[in-house]
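The values are calculated or read from the model by the stated rules, or taken from the named source; none is laboratory data. What you see is a predicted model, and the numbers here were worked out from it, not measured in a lab. So basically every Cβ, Gly included, is an ideal-geometry build from the backbone, and we count neighbours across all protein chains shown.
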Amino acid sequence: MKKIIRALAAMATALILTAPGALATPAVAASTAATDSGLELPLPTGGFAVGRDTLHLVDRERKDPWVPTADRELLLSLYYPARARTGTPGPYLSPSEAKALLTDRGQLGAYVTPERLAATRTHARTQALPRPAAHRYPLIVLSRGFTMPRASLTTLAEDLASRGHVVAAVDHAYESDGTVFPGGRLLTCKACEQVFPDGSLHRVSDGRARDIPFVLDRLTGPRGVAVLLADRPPTHRHGRALHRWRGRVGHHDRGPARGRRGRHGRHLLHTRSPGRSRRAALPDARR
């Protein structure tokens, strides 16, 4: 089972690196990192520029299921429609995250170095000004596949944001090969050490079924964080939430969390497990 899961994750990573345009050199002036790397994610297909911010959440009322002495931590990348030509290019991965990812992917490391992978060009810009809108942007929460970092969802998140959605891509502590949390802490996959030996993968989805409601409450609840405030940079996002619709996208290796999502999100957009898929149409956020 462990080998199958890692093979699937390696295939997903390889698809990111070999997607159309991923090896193309940009025709226009690009960031130094992109020039050094030569790797680029596919361009978003929507009409809006994309901004990105990072949010660190700590659930003080719940202990981490893999490290019981620690509170449960989540790290979010927030993507949103932005004003064009504001902000600075956002990184894909840190070098230490890229090294952890490639180390666990075996032969994939023979084709790309951690430094080159980390310098992959993305299309979201950090500290970009939110795009003013007459309506509230829909919110979509993305939960990445087990052992993968949230960066593996970058192309999907950027595309959805370019079409008028706010997207929260979640990293669940100790459930990826390596994710850098605040303070420079590289949290590795403690969950892998526990669920692979005894096959208790259901513990992963059990924990995420509690993580996602916490994220939704923090982003949209009465005391939550307003992801975007019109005409203000994302660092000033306290106040009213701007979401009129919300949904989840889950990608789990065995999919048991799919049956638990109904209490917390009105719409499930897409869930996947090997060989199976369910889809529902996204609302047109630009109308």
The one condition in (1) over 19 Å from THR188 (Cα atoms); (2) hydroxyl-bearing (Ser, Thr, Tyr); (3) over 17 Å from the mean Cα position of the chain (by Cα) that THR122 fails to fulfil:
(3)
Looking only at the stretch 50-76, which residues are surrounded by 22 or more Cβ atoms within 10 Å (Cβ to Cβ) and over 12 Å from HIS172 (Cα atoms)?
VAL50, GLY51, ARG52, ASP53
Per the filter on the stretch 65-100, residues small (Gly, Ala, Ser) and either assigned to a strand (DSSP E or B) or free of Cβ contacts under 8 Å to residues at least 24 places away in the same chain (or both) are SER77, ALA82, ALA98
Of all residues making up the stretch 163-214, the number that are at positive phi and hydroxyl-bearing (Ser, Thr, Tyr):
1
Filter pass, TYR80 being surrounded by 20 or more Cβ atoms within 10 Å (Cβ to Cβ) and at pLDDT 95 or above:
yes
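So that you can scan it fast, the table gives a plain yes or no per residue for (1) surrounded by fewer than 23 Cβ atoms within 10 Å (Cβ to Cβ); (2) at pLDDT 95 or above; (3) basic (Lys, Arg); (4) not in a helix (DSSP H, G or I):
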| residue | (1), (2), (3), (4) |
| --- | --- |
| ARG125 | yes, yes, yes, yes |
| ALA134 | yes, no, no, yes |
| LEU142 | no, yes, no, yes |
| THR155 | yes, yes, no, no |
| LEU160 | no, yes, no, no |
| ALA168 | no, yes, no, yes |
| GLN194 | yes, yes, no, no |
| VAL204 | no, yes, no, no |
| ASP217 | yes, no, no, no |
